[in-house]
1. Among DSSP bridges having both ends in region 123-224, what percentage is antiparallel? Round to the nearest 5.
2. Once you list every other residue whose beta carbon is under 9 Å from the beta carbon of THR81, what net charge do they have if Lys and Arg are +1 and Asp and Glu are -1?
3. How much length is gained on full extension from GLU20 to ASN128, taking 0.36 nm per residue of separation minus their Cα-Cα distance?
4. Tell me the label-point distance for the pair SER33, THR58, using the 7 Å Cα-to-Cβ offset, in nm and rounded to one decimal.
5. With unit charges on the beta carbon (Lys/Arg positive, Asp/Glu negative), name the residue among LEU12, GLY90, PRO117 whose Cα is farthest towards the positive pole of the charge dipole of the chain.
6. Taking the Cα centre of region 25-160 as origin and charging only Cβ (+1 Lys, Arg; -1 Asp, Glu), how large is the dipole, in debye to the nearest 20?
7. By how many nm would the segment from ALA95 to PHE209 lengthen if fully extended, with 0.36 nm per residue of separation less the alpha-carbon distance?
8. Accessible area of the chain with a 1.4 Å probe: how many percent of it is carbon plus sulfur?
Amino acid sequence: MADIPTAAISRLVTYLRILEALEAQEIDRTSSSDLAERAGVTAFQVRKDLAYFGRFGTRGMGYTVPLLKRELVRVLGLNQTWNVVIVGMGRLGQAIANYPGASDYRFQYVGLFDVAPELMGREVRGLNIRHMDTLHDFVAGQGQARVDMGFVAVPPDRAQDAAQALVDAGVRGILNFAPIVLQPRTSEASGQQEIGDEWRGVIVENVDFLAGMKRLAFYILNPHLRVTDTEENE
């Protein structure tokens, strides 16, 4: 499979959301032009994004909504269960745990962790909050069920340690809600800094609300400088 731009994956998620809305409206067929208009891109971009993963439509007839939705669910890996732990069970962590949409895509919360004594044992969505000191043993104890993802919802000064604890426990995917850039632990080897073996293959996604607001403020003041996803890929 050819290298796929990160922006294309983000647009696939948008297309899936649109297809779900169309299906809820009992609309059975759509087109690249229709998807493009709803997604705010061009029809060419829609076709290009989908072409990375196969051929899903018929020229002149467009796409069957349930079929394309099913294929995007498969491409995005949403047809399997993903086990998730949350590190940081303050207001943000609890809001994430209580978000109702995660289970619709087979994201399953299996563990909640914090260090605050007053939170220990508190139940959230049927799970008891555990101390961070138990994270490694908890992940190891999952066996073949494994923990696929860890959400970091701690204050910025604790985010790096929380991420490191997840990686040390063997978690390979991190969704970081803290407004900092996570840095893989490095070691000195042959006179050069090398990323620690435990970080190799770890995928980090950042969710930075404040960064989004900053970008929004800039483009409101400078709408003529707004660069579309299509222009970025040209």
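1. Details: 6 of 14 bridges.
The antiparallel proportion sits near 45 percent.
2. Details: positive: ARG106; negative: ASP148.
Once all neighbours under 9 Å are counted, the net charge is 0.
3. Numbers: separation 108, 0.36 × 108 = 38.88 nm, distance 3.30 nm.
So the extension gain works out to 35.6 nm.
4. 1.9 nm
5. With unit charges placed on the Cβ atoms, the residue in question is LEU12.
6. On the way: 16 positive and 14 negative charges, 112 e Å.
Around 540 debye, computed over region 25-160.
7. Details: separation 114, 0.36 × 114 = 41.04 nm, distance 1.46 nm.
Taking ALA95 through PHE209 to full extension adds about 39.6 nm, to one decimal.
8. Numbers: 7420 of 14080 Å².
Summing carbon and sulfur atoms, their accessible area is 53 percent of the total for the chain.
The values are calculated or read from the model by the stated rules, or taken from the named source; none is laboratory data. Quantities reported herein were computed from a predicted structural model and do not represent experimental measurements. Neighbour counts are summed over all protein chains in view; Cβ atoms, including those assigned to glycine, are modelled from backbone coordinates with ideal geometry. Note: areas computed on protein heavy atoms with side chains; ligands, DNA, RNA excluded. Shrake-Rupley method; radii C 1.70, N 1.55, O 1.52, S 1.80 Å.
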